[in-house]
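*Asks:* Before we start, here is the structure in question, set down as structure tokens.
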Amino acid sequence: MTSEETNLKIIHFFENIEKYYGCKTEITEGLYCISDSNIIELENQKINADLTTWNLSEFILIRSAYRNNGERFMFEGDKMYFEISAKNIINLEEPGRNKFEFLEQYSETVYRITKIRFHYKY
């Protein structure tokens, strides 16, 4: 997938996110670091789950926005705030209905995968 195709998918995601306002939102975040002994295959997004540090958050999505200062996409719930670095996104997939996976690259060896699932009733 080209970076232009990825950018179009990201724009489409955020142009349509308002339909998820008021929905339970699950964000699973994984941090992954490449070393000589573990190799990531970015094209297939095969990340070794055993070598990834995971966090899970659940909240009702109240609003989202793009923060120009710092180039961040933000998601906000009651006492919850989560951001994705727009400039570091290298891939966006939609593995299922109301499910999205962002892959960010922070350095040559550090990646963050963010899995978002909206419990959308329609």
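The values are calculated or read from the model by the stated rules, or taken from the named source; none is laboratory data. All values reported here derive from a predicted model rather than from experimental measurement. Counting neighbours? That spans all protein chains shown, and the Cβs are built from the backbone with ideal geometry, glycine included. Ligands, DNA and RNA are stripped out before the accessible areas are found, and what is left, the full protein with its side chains, is counted by its heavy atoms. Shrake-Rupley method; radii C 1.70, N 1.55, O 1.52, S 1.80 Å.
*Asks:* Say each of Ser3 and Glu108 gets a label point 7 Å from the Cα, pointing the same way as Cα to Cβ; how far apart are those two points in nm?
*Replies:* With each label point 7 Å from Cα toward Cβ, the separation is 1.8 nm.
*Asks:* What percent does the relative contact order of the chain come to when contacts are Cα pairs within less than 8 Å and at least six residues apart? Mind dumping the intermediate values first?
*Replies:* Details: 206 pairs, mean separation 34.8, N = 122.
Relative contact order for the chain comes out at 29 percent.
*Asks:* Once you have the Cα-Cα distance between Tyr122 and Ile60, take 0.36 nm times their residue separation minus that, and quote the gain in nm to one decimal.
*Replies:* Working: separation 62, 0.36 × 62 = 22.32 nm, distance 1.63 nm.
Result for the pair: 20.7 nm of gain on full extension.
*Asks:* Just to be sure I understand the model, the point goes 7 Å from the Cα along the line to the Cβ. What's the resulting Glu94 to Phe14 distance in nm?
*Replies:* 1.7 nm
*Asks:* Using only the alpha-carbon atoms, how far is helix 3-15 inclined from the longest principal axis of the chain? Give it as 0 to 90 degrees, nearest 10.
*Replies:* Result, in degrees: 30.
*Asks:* How about the range 62-105: which GluC sites (Glu not before Pro) there lie in a loop by DSSP and see at most 16 other Cβ atoms within 10 Å?
*Replies:* Numbers: sites: Glu71, Glu76, Glu83, Glu93, Glu101, Glu104; in loops: Glu71.
Filter output for the range 62-105: Glu71.
*Asks:* So how far apart, in nm, are the two label points at Ser35 and Asn68 if each is 7 Å from Cα heading toward Cβ?
*Replies:* It works out to 4.3 nm between the two label points.
*Asks:* Under a Cβ-only charge scheme (Lys and Arg +1, Asp and Glu -1), can you give me the dipole magnitude of the chain about the Cα centre, in debye to the nearest 20?
*Replies:* Values: 15 positive and 20 negative charges, 117 e Å.
Roughly 560 debye, rounded to the nearest 20.
*Asks:* What Kirkwood hydrodynamic radius do you get for the chain when you take the inverse of the mean 1/r over all pairs of distinct Cα atoms, in Å?
*Replies:* Details: mean 1/r = 0.0664 Å⁻¹.
Result for the chain, one decimal place: 15.1 Å.
*Asks:* Shifting gears a bit: What value, in deg cm²/dmol to 500, does the helix sum -39500 (n - 2.57) over DSSP H runs of n ≥ 4 give at 222 nm once divided by the residues of the chain? Don't jump to the answer; show the numbers that get you there.
*Replies:* Numbers: 1 runs with 13 residues, N = 122.
It lands at -3500 deg cm²/dmol.
*Asks:* A further question on this structure: How many percent of the accessible area of the chain is carbon or sulfur, using a 1.4 Å probe? List each step's numbers first, then the result.
*Replies:* On the way: 3520 of 7670 Å².
Within the chain, the accessible surface is 46 percent carbon and sulfur.
*Asks:* Within the chain, what's the longest run with no trypsin sites (Lys or Arg not before Pro) in a DSSP loop and at most 14 other beta-carbon atoms within 10 Å? Give the range, please.
*Replies:* On the way: sites that count: Lys79, Arg97, Lys121.
The longest such stretch corresponds to 1-78.
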